[in-house]
Amino acid sequence: MKKCLLLLMTFTLILSSIAPVGVYAQEDMDRQLESTILKVKELFNISDDYDGFNSRVSSYDNKIIFYLNWSDSKEKLPNINVSVDADNNISSYNKFYRNSGEQETKLPNISIEKGKDIALEFIKKVDSSLVSQIVLREDSDISNYQEQEYNFSFFRQVNNIPYYSNTLRISVDKYTGEVTNYYADWDRDLKFPDATKAISYEKGKKAFKDNIGLDLVYKKSNVITFKLPNSKEETNYFLTYSTADGNAAIDAITGNKIDLNYYGYGVYNIRNADAAGESQKAITPEERAEIDKVSGIKNIGEIEKIARTALDIGADYKLKSKNIYSNWRNSSELQWSLYFEKELSKDNMITADISLDAKTGEIISFYHRIDQEDKKPNINMDQALELANSCLEKLNPDEKDRVEYLPEESGKDERKTYTFRFIRKEGDIYVEDDGIYIGVDTVNNRIYSYSKDWDKKELPPVGEIISFDKAYDILFNDIGYELMYVSVYDQNAKDQRQVKLVYNIKPEKPLNISASNGEILDFRGRPFKESKVINYKDIDNSYAKDKIKTLAQYGIAFDAEEFRPKDKILQKDFMYLIWKSINSYSIYDKDEVDTIYKDLTNQNIIREGEKAPDSYVTKEDGVKYIIRAMRYDKIAEIDGIYKEIFADTKDISKDLKGHMILAYGLGIIKGDGKEIPNINPKYELKREDAVNIIYNYVFN
């Protein structure tokens with residue numbers, strides 16, 4: 001502990017020269033740190049046996065945070081890291097063992113229910129005032145057997161109204177019951193509006209219909225997943241009832257529409273330069289298609305001239321870089337990306353970058369840095385919108401009648417910049433994420449940013465659709481609509497961050513209502529499935545009941561009310577369970593057979609010629625797939641090293657003898673209990689048998 005005190009003395013000497021003025025007097029900082037260390041040690045029962053300690057301090061918005069770290073050079077004690085403010089509020093805690101050792105079993109010693117109790121007791125110890133304000137998220141019941149901790153997430157509730165922006169996350173070791181991580185994203189100085197002043201729920205629903213409303217919206221199935229440059233993945237559209245502007249809610253006091261964020265829309269450029277080389281071999285049709293992409297592109301001289309004209313910049317702007325790359329949304333197209341700099345002084349540069357279609361010279365996006373220091377706006381929002389409309393007509397004469405401006409509701413005047421969003425609309429249907437974004441500098445009266453996102457693939461036909469009334473019923477009754485507190489930002493207000501009481505869509509389910517049949521869809525356009533532990537109704541008489549329930553707790557389960565334990569298992573269902581055991585967080589379900597088989601083939605768990613989705617699985621084949629999943633197949637395939645330990649060894653396929661013996665030795669399968677056991681390799685597994693084997697593999 002002497003080292004700890006020496007480090008503390010050194011820290012306070014350094015701190016006296018760097019501590020932020022106006023937070024604490026410098027002569028008080030050492031006493032504050034000493035007091036904080038002692039309180040944290042007592043709170044978390046940190047012993048004096050640590051021989052290493054360091055700390056740092058930071059301040060933000062007149063609040064000071066201490067970061068404390070205890071370590072043991074002998075690595076017998078766990079590292080402990082704590083973040084705590086000057087009022088002794090703990091924002092984070094981490095306990096890490098360098099040499100934790102491997103668990104004897106993968107089965108947890110602590111149940112998930114016990115883990116919840118431990119988490120709540122820890123929160124109560126850290127800050128008892130928080131316990132009455134938190135609600136456990138429903139998906140916290142699902143765990144991952146490959147992780148050593150249970151991870152619980154809570155959101156804040158004030159006046160029985162959720163405030164999802166404040167959360168607690170806490171991890172409890174499944175084997176020791178220790179809390180290993182705690183993180184509080186919590187605001188203590190917020191003022192929450194009086195909920196008794198809210199309009200009624202029915203009025204809130206009517207306000208949503210009148211001021212926001214559902215729209216017909218085309219959405220893209222791969223909007224969340226980034227496509228790699230060489231990916232053959234195609235964008236698929238699906239038609240939904242949703243909202244064209246997903247950033248709005250209803251003010252529960254006034255009944256008016258309110259914007260939920262106030263940051264504007266950014267302009268993004270994804271740069272990925274490709275290099276091309278020569279080849280002496282024949283060109284394949286696929287290679288020819290790629291070569292054709294670069295045929296007819298404009299040279300850099302032409303592109304630079306277009307870019308300078310669009311940006312209205314002269315020779316004092318130097319071209320610093322130029323790249324050509326594939327358009328990530330329309331992979332058959334190429335873009336030029338140019339970057340310019342103008343030196344105002346040795347330490348001050350004005351920059352501009354722009355992306356253009358490599359063949360047509362069409363402007364895709366640009367951003368021109370703004371010089372607005374100590375200046376005030378010269379035009380209001382309406383005048384800025386006029387500039388944006390003029391830019392839209394100039395740069396997009398063919399699309400100007402196919403977009404619709406989505407107005408903002410907050411901060412209309414006295415802003416130095418505005419970013420206007422024009423969303424694509426085909427007839428009466430919006431196209432999500434397709435649109436044009438134009439930024440206006442109100443100080444210098446000019447366009448400073450522009451971005452066009454526009455997928456050129458053909459939209460699917462509309463077909464028959466459900467009514468708006470039906471869609472609203474699904475929204476309010478199945479997805480959910482509720483009172484909640486949210487944070488909004490107003491750059492012109494003294495307190496820029498304010499809490500508002502709003503009526504808004506519940507966040508647990510996506511606002512994607514299939515226009516054709518009313519199903520709630522996920523981001524891929526597939527039926528949405530909630531993350532919850534499956535509880536089967538028909539497993540009470542199964543010998544594997546407890547194992548079926550345990551695997552379900554870890555997400556290794558079929559999404560169904562009945563498990564059908566006595567039915568023989570099909571290969572595709574057996575493969576799904578194996579696949580879920582190694583892909584706990586995957587979004588695919590058992591109906592996506594081809595995707596699952598492809599993934600398992602890539603992992604060498606199933607091989608060429610073995611795919612037979614609707615066939616039954618024998619015990620030896622089931623073992624074969626399990627041994628491959630464990631990466632023991634190379635050992636199992638060694639010939640001549642395995643004894644004949646089963647009475648019915650002759651019935652085992654010659655190339656699977658090692659697999660069966662390994663599985664038996666590892667406890668994944670059992671014999672019939674005789675001194676020289678029968679293993680019955682050709683037995684066709686029932687669904688309960690399959691779970692028994694997979695459970696033994698998972699928790700081996």
From highest to lowest solvent-accessible area (probe 1.4 Å; ligands, DNA and RNA excluded), GLU561, GLU464 read GLU464, GLU561
Leaving ligands, DNA and RNA out of it, work out the accessible area of ASP614 with a 1.4 Å probe and give it in Å² to the nearest 10.
-> 110 Å²
Step through the table entries LYS116/LYS566; LYS206/LYS506; LYS76/LYS174, compare each Cα-Cα distance with 27 Å, and write down the pairs that go over it.
-> LYS116/LYS566
Label points 7 Å out from Cα along the Cβ direction at GLU530 and ASP374: separation in nm?
-> 5.9 nm
Express in nm, to one decimal, how much length is gained between LYS39 and ASN79 on full extension, taking 0.36 nm for each residue of separation and deducting their alpha carbon distance.
-> 12.6 nm
R0 of 30 Å, Cβ-Cβ distance ASN389-LYS506: FRET efficiency to nearest 0.05 | 0.25
Please tell me which of these pairs span more than 29 angstrom C-alpha to C-alpha: LYS114/LYS580; LYS106/LYS634; LYS549/LYS670; LYS537/LYS650; LYS400/LYS457?
-> LYS537/LYS650
With every protein chain present, what accessible area does ARG56 have (1.4 Å probe, heavy atoms only), rounded to the nearest 10 Å²?
-> 140 Å²
Go ahead and run the numbers for FRET between LYS305 and ASN256, Cβ-Cβ distance against an R0 of 56 Å, rounding to 0.05.
-> 0.70
Region 440-524, relative contact order in percent, only Cα pairs under 8 angstrom and at least six apart counted = 25 percent
ILE676 versus ASP312, label points 7 Å from Cα toward the beta carbon: distance in nm?
-> 9.5 nm
Rounded to the nearest 10 Å², the 1.4 Å probe accessible area of ASP347 is 140 Å²
Distance (nanometres) between label positions extended 7 Å along Cα→Cβ at GLU561 and GLU178 | 4.6 nm
The extension gain from GLU637 to ASN211, computed as 0.36 nm times the residue separation minus the Cα-Cα distance, is 146.6 nm
Might you report the magnitude of the Cβ-based charge dipole of region 595-674 about its Cα centre, with Lys and Arg at +1 and Asp and Glu at -1, to the nearest 20 debye?
-> 220 debye
Run through every distinct alpha carbon pair of region 591-700 and return the Kirkwood hydrodynamic radius in angstroms, one decimal place.
-> 14.5 Å
Round to the nearest 0.05 the FRET efficiency obtained for ASN323 and THR360 when R0 = 22 Å and r is the Cβ-Cβ distance.
-> 0.80
In Å², rounded to a whole number, the accessible area per residue of region 590-683 with probe 1.4 Å is 58 Å²
Check cross-link reach from LYS509 to the lysines: straight Cα distance under 20 Å, and skip same-chain residues fewer than eight apart.
-> LYS205, LYS209, LYS219, LYS220, LYS470, LYS529, LYS532
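The values are calculated or read from the model by the stated rules, or taken from the named source; none is laboratory data. Since the model is a prediction, treat every value here as computed from it, not as a measurement. FYI the Cβ positions are ideal-geometry reconstructions off the backbone, even for glycines, and counts take in every protein chain you see. Heads up: the accessible areas ignore ligands, DNA and RNA and are worked out on the full protein's heavy atoms, side chains in. Shrake-Rupley method; radii C 1.70, N 1.55, O 1.52, S 1.80 Å.
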